[in-house]
Amino acid sequence: MWRIILPHNLFYFFKSFLYFCFTRKNDHKVLFYSPQHFNRGVLGTNDFIKPLIEITEAKGISSWVIEEPSYESNYPRRKVVQFDFILLLIIFLRKVLKGDFIEKEHKIGQLLGRVFFRNKIEHIIIQSQSMVSFFRGVYPNAKIYDYQHGVIYKGHPAYCEGKNVPELIKRNNVYILVFGSGFKKLLENINSYYIEHSLVIGVNKEKCTQNLNGENILITLQFTEDHTPEENKKLLEDLQLFIQENSNHQFVLKHHPRFNNEINNEEMLKHANVSITQKPLAECLRNCKIHSTAYSTTVFEAAALKVPSVFYSDWKIEVYKNQFIYPINTLNDTLRMYNDLQIEVENWYKNYYEPLNETLWLKIVQ
């Protein structure tokens, strides 16, 4: 949080302060709220909700777009309303008020809502369930939708606690907008709450094709602070063993967007057949023959381009094998059955990532 004092963050803080203190807030049909770290598209766009915003505005439906700062992120800010000032107030009030987390957020929302959000909102679209309870406090009668941004699986703490729905979702009456029928089925198998509280909205994906001349094996890495040092070390050991066992192939490594030197790159680059790339993931996928990972949403992105994935670790392979029913094979078998697997993974992908349903979206927000 100390990064707020950096010059560029101070600029956005004072801009946010002036907006929320002195600008009149109009009523809107839809409020879009998302953290800055989702601005991973070309020119710093948030490619998840950008199409929804564009469809909404094209139909003349009034919308309000607010962005939460991610001070540890290097992704750019969008030219939308910045949440910095309100976020600082929320952090302060969390330390002052009593009650469980959701109860405190409701109180904070009610308090700040009377001062800074004196307008009407009918629908709220958020990502990563950010500020759900706060906005429920501000707008008690609005419908709140959490738009999927990554892979949903049984055991994902954001969507289930055993066989129960997390309190954050249930107490705030949150609806989940999912990419495809495969994810909706997973949610419904977790708890019946999701039968009525999940909708297949689809996702806007750019049409890309694989470069047929690609020969490298792209490895997407998962070294982040989400893991303990011991877990990152285990992932590194699994990776090194995989590379050693397949020394006749060329490997191109791509770090996770939130990699922050959790491991030493030199440990991976001591092999002559290994390199690291800084190129965008989409370009890497287009130019590889096979994708490999310990676990990653990139398995889905690769499948969209008919690029088969292999797993260099058993870290979370159960999820892909038993929940997603992904066609798991060794590297050698994948190469041997390559053409057939291309068709198989493409069909597998379409069950989880369906085209954006503009008609359903407009039905939701109109």
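Quick notes
- Area of residue 11 that stays accessible when all protein chains are in place (1.4 Å probe, Å², to 10): 120 Å²
- Where the chain is the region considered: accessible area per residue in Å², 1.4 Å probe: 50 Å²
- Tensor-based shape of the stretch 95-139 (alpha-carbon gyration tensor, a/c under 1.5 rounded, otherwise prolate or oblate): oblate
- Accessible area per residue was computed with a 1.4 Å probe on protein heavy atoms; residue 242 scores about 20 Å².
- Nearest-20 debye value, the stretch 1-141 charge dipole, Cβ charges on Lys, Arg, Asp, Glu: 360 debye
- Sequence-separation-based contact order of the chain, relative, with Cα cut under 8 Å and 6+ spacing, percent: 14 percent
- Gap separating the Cα centres of the stretch 5-82 and the stretch 322-366, nearest whole Å: 31 Å
- Anisotropy class of the stretch 249-291 from Cα gyration tensor, a/c 1.5 cut: oblate
- In summary, the stretch 73-224 shows an alpha-carbon radius of gyration equal to 1.26 times the 2.2 N^0.38 Å reference for compact globular proteins.
- Per-pair calculated FRET efficiency, R0 = 35 Å: residue 282 and residue 17 via Cβ, rounded to 0.05: 0.40
- Distance from the C-alpha centroid of the stretch 291-320 to that of the stretch 96-158: 32 Å, rounded to the whole angstrom.
- With the charge dipole of the chain set up from +1 on Lys and Arg Cβ and -1 on Asp and Glu Cβ about the Cα centre, the Cα lying farthest toward the positive end among the listed residues 38, 355, 12 is that of 12.
- Packing-based order for 307-317, 68-78, 18-28, using average beta carbon neighbours within 10 Å, highest first: 307-317, 68-78, 18-28
- Atom-type composition of the exposed protein surface of the stretch 246-297 places 44 percent of the accessible area on carbon and sulfur (1.4 angstrom probe).
- Charge tally in the Cβ shell below 11 Å around residue 285, where Lys, Arg are +1 and Asp, Glu are -1, residue 285 excluded: +3
- Of all aspartates and glutamates in the structure, the ones whose alpha carbon falls short of 19 Å from that of residue 316, not counting any fewer than 8 places away in one chain, are 161, 225, 226, 230, 231, 237, 238, 301.
- Solvent-accessible surface (1.4 angstrom probe) belonging to residue 306, in square angstrom, nearest 10: 80 Å²
- Three-way shape call for the stretch 305-360 based on the alpha-carbon gyration tensor, with the a/c threshold at 1.5: oblate
- Helix-only [θ]222 nm of the chain, DSSP H runs n ≥ 4, -39500 (n - 2.57) each, per residue, nearest 500: -11000 deg cm²/dmol
- Taking Lys and Arg as +1 and Asp and Glu as -1, the other residues whose beta-carbon sits under 12 Å from that of residue 231 total -3.
- Too-long pairs where the Cα-Cα distance tops 23 Å, listed order kept, from 185/234; 154/233; 59/363; 95/163: 185/234; 154/233; 95/163
- The residue 359 and residue 272 beta-carbon pair, evaluated with R₀ = 45 Å, returns a calculated FRET efficiency of approximately 0.25.
- Surface composition of the stretch 126-237: carbon plus sulfur atoms hold 47% of the accessible area, using a 1.4 angstrom probe and ignoring ligands, DNA and RNA.
The values are calculated or read from the model by the stated rules, or taken from the named source; none is laboratory data. Every value quoted in this text rests on a predicted model; they were computed, and no experiment measured them. When we count neighbours, we look across all protein chains shown, and the Cβ atoms used for this are built from the backbone with ideal geometry, even at glycine. Just the protein is used for accessible areas: all its heavy atoms, side chains included, with ligands, DNA and RNA removed. Shrake-Rupley method; radii C 1.70, N 1.55, O 1.52, S 1.80 Å.
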